[in-house]
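Undergrad: My questions will all concern the structure given below.
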Amino acid sequence: MKRIAVALAALTLGAAVLATPATVSAWGNTGHRLIGMAAVRGLPGEMPAFLRTPGAVAEVGELSREPDRTKGGGQPHDRERDTAHFVDMIENGRIVNDQGLSIDALPQLKSEYDAALATAGIKVDDAGYLPYAIMDGYQQLVRDFAIWRVLNAAEARERDPGKRAWYREDRIRREALILRDMGYLGHYVGDGSQPHHTTIHYNGWNRDTPNPQGFTTSRQTHGAFEGAFAARVARLDAVEAAMAAPALDGFDLRLRVPAYLKTTLAEVTPFYVLEKAGGFTDSDARGGAFVTARLAAGASELRDLFVLAWRDSADDSIGWPAVKVNEVEAGTVDPWLAMYGED
């Protein structure tokens with residue numbers, strides 16, 4: 001697909017850019033690590049203690065690279081995953097062209113999104129479905145946290161040694177899954193902070209569109225920026241210093257995700273202006289500042305989504321037969337059958 005073609009074009013660069021991964025990955029390894037690490041390091045004290053450790057920071061940083069590392073498995077594996085990394089919008093927030101959906105009016109289901117694109121004559125391969133990848137990852141994390149809350153509360157109260165041991169083992173399993181799912185969500189949120197992953201101008205200005213400012217159309221633009229250049233200039237301390245204050249009030253997932261992606265879309269033209277001015281060289285501090293700001297935007301959004309998922313999980317119901325998380329934590333419901341299973 002087109003994103004693989006972008007990566008192959010990057011292979012024509014010099015030795016520095018040859019370090020870029022063989023498939024396009026917003027930010028490459030360094031950027032994704034830093035976004036995941038900065039987000040976890042920024043978690044508040046209300047989050048579970050197992051997340052506020054150096055080990056968890058490192059783990060989420062590494063797992064934030066995972067959706068890129070597992071590419072190349074064949075079909076249907078790749079078809080169902082490659083297009084999750086981007087959404088190609090035009091400047092007004094419509095997807096691919098003026099006939100495409102508005103990012104502000106996405107259908108509830110991805111299948112409905114696919115159908116609407118087809119009606120507009122747009123292929124999903126060309127459009128991408130990054131907003132759905134972010135929303136799905138968030139909802140999965142809410143479920144993870146809900147299960148962990150129940151297991152943690154039940155383990156603390158259970159008097160039967162056998163049941164208590166099972167709760168402990170399952171809690172430990174869930175903690176590993178939480179770190180994995182935080183990493184996966186982190187990857188897609190990180191993709192959403194890289195301007196090239198929100199635009200039809202994803203690798204040089206689109207040659208089929210007007211280009212009155214004479215921006216570069218080089219097919220090496222994408223890989224050179226997010227890979228070797230970002231790796232040279234990005235630092236964890238600078239990213240953390242540039243992170244925004246938490247924005248946790250009035251949360252609505254279906255409004256938050258498009259707003260986040262539109263904020264990144266607004267940085268596409270500034271990127272090309274800066275590139276034209278020679279800003280992405282090691283001797284020009286403006287390029288490094290741009291990378292830092294974008295990584296910080298991803299880390300800030302990811303930190304907030306982690307906290308919001310944790311808070312949402314307190315009002316969830318989980319298991320079968322379903323139990324309410326807040327009732328288990330209050331000690332008014334026994335969750336054994338819901339957690340262990342009733343055949």
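Undergrad: What distance in nm lies between label points placed 7 Å from Cα along the C-beta direction at Val273 and Ala293?
TA: Reported label-point gap for Val273 and Ala293 is 0.9 nm.
Undergrad: Quick one: pull the percent of accessible area on the range 267-317 belonging to carbon and sulfur, 1.4 Å probe, ligands and nucleic acids left out.
TA: 52 percent
Undergrad: Can you give me the accessible area per residue for the chain, using a 1.4 Å probe, in Å²?
TA: 44 Å²
Undergrad: Still on this structure, I have one more. Take the Cβ-Cβ distance between Phe50 and Arg235 as r, set R0 to 35 Å, and report the resulting FRET efficiency rounded to the nearest 0.05.
TA: With R0 = 35 Å, the Cβ-Cβ based efficiency is 0.85.
Undergrad: May I ask you to rank Arg65, Arg173, Arg94 by accessible area, largest first, using a 1.4 Å probe over the protein chains only?
TA: Arg173, Arg94, Arg65
Undergrad: Where in the chain are the DSSP H helices whose C-alpha atoms run 30 Å or more along the long axis and whose mean Kyte hydropathy is at least -1.0?
TA: TM-like helix candidates: 130-157, 161-191, 285-313.
Undergrad: Given the pairs Lys123/Lys262; Lys71/Lys276; Lys71/Lys110, which are separated by over 24 angstrom at their Cα positions?
TA: Correct reply: Lys71/Lys276.
Undergrad: Please check: in the Gaussian network model of the chain (C-alpha springs, under 10 Å), which one of Thr70, Thr198, Thr217 has the largest mean-square fluctuation.
TA: Thr70
Undergrad: Rank Gly319, Gly204, Gly121 by mean-square fluctuation in a GNM of the chain with C-alpha springs under 10 angstrom and give only the top-ranked residue.
TA: In the Gaussian network model the winner is Gly121.
Undergrad: Shifting gears a bit: Distance between the C-alpha centers of the range 160-202 and the range 101-121? Whole Å please.
TA: Answer, in whole Å: 26.
Undergrad: Summing Lys, Arg as +1 and Asp, Glu as -1, what charge do residues with Cβ under 15 Å from the Cβ of Ile35 carry, Ile35 excluded?
TA: -4
Undergrad: Size of the dipole of the range 226-296 about the Cα centre, Lys and Arg at +1 and Asp and Glu at -1 on the beta carbon, nothing else charged, in debye to 20?
TA: 160 debye
The values are calculated or read from the model by the stated rules, or taken from the named source; none is laboratory data. This structure is a prediction, so every number in the text was calculated from the model and none was measured. Note: ideal-geometry Cβ built from the backbone for every residue, glycine included; neighbour counts use all protein chains shown. Note: areas computed on protein heavy atoms with side chains; ligands, DNA, RNA excluded. Shrake-Rupley method; radii C 1.70, N 1.55, O 1.52, S 1.80 Å.
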